[in-house]
Amino acid sequence: MKAKNAMITAGIILLFLSGCIPSIHSLYHEEDLVYKSELLGNWKDDDGSTWIFNAGGDKSYKLTFYEKAGLIHDTTTKAEFETHLVKLGDYYFLDLYPGENNQYDMPSLLIASLLPVHIFAKVAFVDDQVLVSFFDPDWLESLMEENRIRISYEKTEELFVLTASTDELQRFVVKYAETEKAFVSTLILEKSE
């Protein structure tokens, strides 16, 4: 039970801080899932963090993410995600959901207050690299405040969580897939040994 309650880890919190938009629903229906074996293996991003993609179940991956020491914490942090590659039109997206994580340094009261949510990013396969672009929550929030976008969400004092259905999420990500301002800077993943 403790491991299950600890699904939200320091890694997911760090992803929120770096600019991810949390969603209670996934970005995919089963028919939207694709599997690309070239995603498997060890990757390093330009921040020095390590992304390890292993085969999961049917059309899924297990991502183990090691954030480099010094980015937020003094030591390297680790988080695991159930990951799916989603193809919508001409675009690929990753849907990441917290896996079985053991964060025993987190107090149980803190763990109990955290919800498992999906985060997603646009991905592109270019030569031997994988480009990962997370949506920019500041951009989305400004559109919401100006009533220029209609997508279901809940807002707290500190962040907002998308409550939109999978179909609504898909329309949103495809509509803004080519909007440069919609994304924080792109992470470049390169294969490592």
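The values are calculated or read from the model by the stated rules, or taken from the named source; none is laboratory data. Values in this document were obtained by computation on a predicted structure and should not be read as measured data. Positions of Cβ are backbone-derived with ideal geometry, glycine not excepted, and every protein chain shown enters the neighbour counts.
For every residue, the table says whether it meets (1) more than 24 Å from Ala164 (Cβ to Cβ); (2) assigned to a loop (DSSP other than H, G, I, E, B); (3) β-branched (Val, Ile, Thr); (4) at pLDDT 95 or above.
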residue	(1), (2), (3), (4)
Phe81	no, no, no, no
Asn102	yes, yes, no, no
Leu110	yes, no, no, no
Leu114	no, yes, no, no
Val130	yes, no, yes, yes
Is it the case that some residue within segment 153-161 is closer than 15 Å to Ser26 by Cα and outside any helix (DSSP H, G or I)? yes
Out of all the residues in segment 36-56, is one or more among the β-branched types (Val, Ile, Thr), touching a helix residue (DSSP H, G or I) at 6+ places or on another chain (Cβ under 8 Å) and buried (at least 17 other Cβ atoms within 10 Å of the Cβ)? no
